[in-house]
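The values are calculated or read from the model by the stated rules, or taken from the named source; none is laboratory data. No experiment lies behind these values; they were computed from the predicted model shown. All Cβ positions, glycine included, derive from the backbone under ideal geometry; neighbour counts span all protein chains shown. Side chains are part of the model used for accessible areas, which takes the heavy atoms of the whole protein and leaves out ligands, DNA and RNA. Shrake-Rupley method; radii C 1.70, N 1.55, O 1.52, S 1.80 Å.
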Amino acid sequence: MSSFPSSEHLTHKRFGQLTYLERVADSRRVSVFFHGLGLDATDYQEYLETHETHGIAVSLAGYAPGHADPLPPVPASRHVEMVAGLVDLISRNNPDKRIDLIGFSLGADLVLQLAEWWTNDPGRTRPPVSGVLLLDPNVNQSTMTISRLFASADRRDPTPALKELVGLARDRDVLRSLRDYASKISSKDFSQVHRLANDMIRYWDPVGYDQFGARVARVTEIADVVSIVLSADYEEHLEGMKNAVRRKSPRADDVLFNITELDHFELIESDFLSRELKAIG
């Protein structure tokens, strides 16, 4: 979750209230990255800096580092509309390229919502999505520990919630990750984080896996291959997730699952991302 110096390879761009980092390369695909709750495009900057591929990392409205224009809290539904518009623009600007969508945590849930957006209305143009990589998507409210913590926090003073967040660490490595995360959250407009956390909790059922399976089935309608990569904490959910996808999706064989020994935030490290993207390439 480090911020890296600006590079000659990257350009900073704006699309309405969204901002994004882009590295253009002569590749047959464009990888579009979506961040987790309270994070931003710079979490993928190392990957963009070090890989000769066409990549775009998006910061949601109100989440860009050092955002100078305060916005009223933006609801999840509006984020979905804006991101769908950006993906459409990316597709039109790169007519000869296929698109991969990569979402981490809340960003993975955003990809699920994009699939619903494109499939709910047959009149909407669907971009040519080749692969989807979902990194620790939520499956129900039981996997939303951080979202529930932030949703119940005082949006004017998140300090107690951030202290509680750091207290969740079970070892030194996780402690470092959570301290970095808390530091990044503290630099944001917490009202944006608070609103999105509440919206996403309402998006999920309290328990069960059928809703997850149905949402992944929507993703298989828009993408050729779907890879779901999970941190070690998801082991208890793995079989329920797989079974729900089998029940709900006629293309369940095109959905790949990979459970790892990594912690949540390690899933967006550059080298690991590179390996997992090859699986959908």
Determine Rg/Rh for the stretch 147-281; Rg is computed over alpha-carbon atoms and Rh is the Kirkwood hydrodynamic estimate from the same atoms.
-> 1.00
What does the highest-first list of 261-269, 120-128, 135-143 look like by mean Cβ count within 10 Å?
-> 135-143, 261-269, 120-128
Taking a probe of 1.4 Å and leaving out DNA, RNA and ligands, the chain shows per residue an accessible area in Å² of 45
Charge sum, other residues only, whose C-beta stays under 12 Å from residue 109's C-beta, Lys/Arg counted +1 and Asp/Glu -1 = -1
Taking the inverse of the average 1/r across all pairs of different Cα atoms in the chain, what Kirkwood radius in Å do you get?
-> 18.9
The rounded separation in angstrom of the Cα centers of the stretch 102-175 and the stretch 222-281 is 15
Taking the Cα atoms of the stretch 42-116 alone, what are Rg (to one decimal) and Dmax (as a whole number) in Å?
-> 13.4, 37
When the charge dipole of the chain is computed with +1 at the Cβ of Lys and Arg and -1 at the Cβ of Asp and Glu, the Cα pointing farthest to the positive end, of 129, 225, 181, is that of 129
Under a straight-distance cross-link criterion of Cα-Cα below 24 Å, which lysines are reachable from residue 242, leaving out those fewer than 8 residues away in the same chain?
-> 278
Mind computing the radius of gyration and Dmax over the alpha-carbon atoms of the stretch 1-153? Å is fine for both.
-> 15.2, 46
Any idea what the relative contact order of the stretch 17-58 is, in percent, if you count C-alpha pairs under 8 Å spaced at least 6 apart?
-> 58
Highest first, please rank the peptides 74-85, 53-64 by the mean number of other Cβ atoms sitting within 10 Å of their residues.
-> 53-64, 74-85
Over the stretch 49-202, what is the relative contact order in whole percent, taking alpha-carbon pairs under 8 Å and six or more residues apart?
-> 28
Okay, helix-only estimate at 222 nm for the chain: each DSSP H run of n ≥ 4 adds -39500 (n - 2.57), divide by all residues, round to 500 deg cm²/dmol; what do you get?
-> -13000 deg cm²/dmol
Of 212-218, 196-202, 93-99, ordering from highest average Cβ density within 10 Å down gives 212-218, 196-202, 93-99
For residue 248, the net charge from surrounding residues (Cβ-Cβ under 14 Å; K, R +1; D, E -1) works out to 0
Hey, got the dipole for the stretch 162-281? About the Cα centre, +1 on K and R Cβ, -1 on D and E Cβ, debye to the nearest 20?
-> 380
Counting Lys and Arg as +1 and Asp and Glu as -1, what is the net charge of the other residues whose Cβ lies under 12 Å from the Cβ of residue 128?
-> +2
In Å and whole numbers, how far do the C-alpha atoms of the stretch 108-216 stretch along each principal axis, longest first?
-> 46, 29, 27
Roughly how big is the stretch 33-191's charge dipole about its Cα centre, with Cβ charges of +1 (Lys, Arg) and -1 (Asp, Glu), in debye to the nearest 20?
-> 280
Contact order normalised by residue count of the chain, Cα under 8 Å, 6+ apart, percent = 19
Given H placed 1.01 Å from N in the peptide plane, which residues other than close sequence neighbours of residue 100 have an amide H under 5 Å from its amide H?
-> 30, 31, 32, 130, 131
